[in-house]
Each structure stands twice: as C-alpha cells, then as structure tokens.
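Below: the structure, in structure tokens.
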Amino acid sequence: MSPPGRPKGECPRLAGRRAAPGVHQRRGVRAVSILSTPLRRAVAWLAFTLACAGAHAADAPVPLPADAASAPTAGVAASAPAEGASAPLADDRPRTATVPVPGSTQTVEIPAPVNAGSPPTVPVADSVPGGDRRERVQISDPYIELHTFAGRGYPVFYVAGRGEWISIELRHTDWYKVRTASGKVGWVTRQQLQSTLAESGLPNEFGDVKYDDYLARRVELGAGYGRFHRESMIKFWVSYRVSDTLSFESTLGQVQGVFSGTTLWHVNLQAEPWSDQRFSPFMGIGIGMFKNIPNQSLVSFQPTNARLADAIIGARYHLTDRFMVRADYAIYTAFVSDQRSLEYRAATAGLSFFF
C-alpha cells in the first residue's frame, strides 16, 4: 500500500521529483488526455520503468578499465627518474597494499626495496682475510689434478685445464692447497706445480723444501753411531727448539763392551748461534744417569749406577729435503761416589730428520 500523497506503483526515487499538486493548475495549464485509458497506462508504466533503471544506474560504482586494474597500487610504484636527475632515496619502511576481494578485503605486505647503492661484496681470489696476497700461478700443462686432501690415496675430484689461474693457500710437505678461479679447493703435488707460470709469465721454481722450512724447524729426530771410551756406541736423540738459537735435547745411548754394557741418558740445553746457516755449529751442557752392568762371568760382578754430567760440541749440515747430517764430540763425567768420578769421551756421527 502506497503512502498517502503517492500514486500507487510510483518509484520511491521519483517521489521527491513529483511536482506538488495543483502546480499545473496554478500556472493555468490543464492536462488534456488525448489517449485512451489502456494506452495511457502502458506509456506511464514504460516511463516509470525507464526512470527507475536510470536512477539505479546513477548510484552504481563505475568499473575500472582492464589496464587500470592491472596497474600497481598508488604510492607503491615509483617512476624512473629522468636522465641526469638524481635517483630518489629508497624507503626502507615496510609498505602495504589493499587488494579488493569479493566479499572481503585482503592486506598484502610489500617488502622494502633493495638498496641499489650497496652491491654485494665479491671476495678477491688472490687475497686472504688478513689482507696478505696469495701467490697465483697459471697452468701450462694440459691439466692438473686436485685431490680431496694431501696424499695420493685421496681421490681426484676436479681437473683444472691449461690456462686456468690457481691460488696457492697452504703447503704441507710436498703437497700444496690451491684454489681455482671457480672456487674449487683441493691439493696438488709439487711436481704438478713445477711447470706452472708466475704472474710475470716466467716459470715457477718449487724446490724440494723451501729454505724457510729449514729455518723454521722445531722438532728434530736422529740416530748416530760412534765410539764411547774405545767401545761401540749407538744413540738416539730428539730435540725441540724453543727459540732461534736455543733448544732442549734428550739423548739415549747404549754401549756394548767386551767386559760390560753401559746405558746412559741425559738432557741437554744447546746453543746454536748460527742456526740460519746450512752449516750450523752448536754446543751444550746437560745432566743425566749412567748405568754400567759388568759381565756375570767376572769375579767382581757389581752394577754401577751414577749421576751423569756432560758437555758436547758439534755441528749440523742441511743436506736436502728435511734431512741433516750431524757430528759431535762429548765428554761424560759419571759421579760414582762422593769421592770418586769416572770420565769418558765419545764421538758420534748420524743422520737426523726435522719438521
């Protein structure tokens, strides 16, 4: 049922547009109907329908074009700066864009853009973290083989070809740890590096052992043979360098004579003033123990245990690789009792190995 004052079936949106009653009469205009009643009703209904459709269309949202719908959200996209203009500073704050979804609203987090002014740091192939420069060589052979570790028993996992540059990082005896330009790290033999070229284009020289290794030696193991008071003597020694000129040495000796056998050991402090030379003299003093056991066939069979003091002088010579020859002359004093001591002289020569 229509409210009072509104014709039956009138569109609500046209209610406000309907003229007040009596307006035409007040203006002296009289509506004259020239149409029949059914036709007049049909025309009125058509006009009513078109007016309602137009009113609804005016209030409906206008759809965006296809190009506008695919464009980024305003405030997120940034246009490229003109040529010669400075680029805008990147905003590191997180930004969001609202994406319309039928029936709901979804919020999407857009991360801050990457600052183009801070390129990633690329490691330099021929430098180490401390800033020291590595030695780089170029392969001149058809290839070299990289092992997983120092030793022929370890498998080959990569083959570097001719013309490739490699950096030498570490040396372990006759094996070298190298890094290729592509980042492969492995171990190669000294023989493989002998045919490489330096950065100057000249052939490299890799000796059996660098002279610096001889100068930096710490531990020495050796054995020798000689004479101890006209009897045959063998001895073994191990020494450790605490500085460039001082070292501690422990010696174990065995003397087998005709009438008795002697075992002795002593610890010495040695001085080596010219340790940076291939021929290096040394001297030392020490203390130890002396034990003599006569043959049981002798009538006066009585073992002798005594404290021992010694003084030694000798020389070393670096042969090659990690080997040295050594010769020394020592004077031993065995304190048999408080009133009696025995003195012995010994000369030995031997071979030692250092690392």
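The values are calculated or read from the model by the stated rules, or taken from the named source; none is laboratory data. Just so it is clear, the structure is predicted and the values come from calculations on it, not from any experiment. All Cβ positions, glycine included, derive from the backbone under ideal geometry; neighbour counts span all protein chains shown. Accessible surface is based on the protein model in full, side chains and every heavy atom, while ligands, DNA and RNA are left aside. Shrake-Rupley method; radii C 1.70, N 1.55, O 1.52, S 1.80 Å.
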- Message: Using a 1.4 Å probe on the protein heavy atoms, what percent of the accessible area of region 188-247 belongs to carbon and sulfur?
- Response: 57 percent
- Query: What order do 317, 225 take when sorted by accessible area (1.4 Å probe), most exposed first?
  - Reply: 225, 317
- Of 197, 252, 146, which has the most accessible area with a 1.4 Å probe, and how do the rest follow in descending order? 252, 197, 146
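Report the net charge of residues surrounding residue 184, where surrounding means a beta-carbon distance below 13 angstrom and charges are Lys +1, Arg +1, Asp -1, Glu -1.
Working: positive: 177, 179; negative: 145, 164, 169.
Its environment carries a net charge of -1.
Probe radius 1.4 Å, ligands and nucleic acids left out: which of 184, 235 has the largest accessible area, and how do the rest follow? Each step should come with its number before you reach the end.
Numbers: 184 85, 235 5 Å².
Largest to smallest exposure gives the sequence 184, 235.
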- Rounded to the nearest 10 Å², the 1.4 Å probe accessible area of residue 289 is 70 Å²
- Taking a quarter of the surface of the Cα convex hull of region 186-339, what do you get in nm²? 13.4 nm²
- Task: Per residue of region 262-271, in order, report the coupling 6.51 cos²θ - 1.76 cosθ + 1.60 (Karplus, θ = phi - 60°) as ³J(HN,Hα) in whole Hz, putting x for Gly and Pro.
- Result: 10, 10, 9, 9, 7, 10, 10, 9, 10, 10
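Which whole number in µm²/s is D for region 148-248 by Stokes-Einstein, with the Kirkwood Rh taken over Cα pairs at 25 °C and 0.890 mPa s? Write out the running numbers ahead of the final one.
Values: Rh = 17.2 Å.
It diffuses with D of about 143 µm²/s by this estimate.
Two decimals is fine: what's Rg over Rh for region 285-355, C-alpha atoms, Kirkwood radius as Rh?
On the way: Rg = 16.7 Å, Rh = 14.6 Å.
Using only Cα positions, Rg/Rh for region 285-355 is 1.15.
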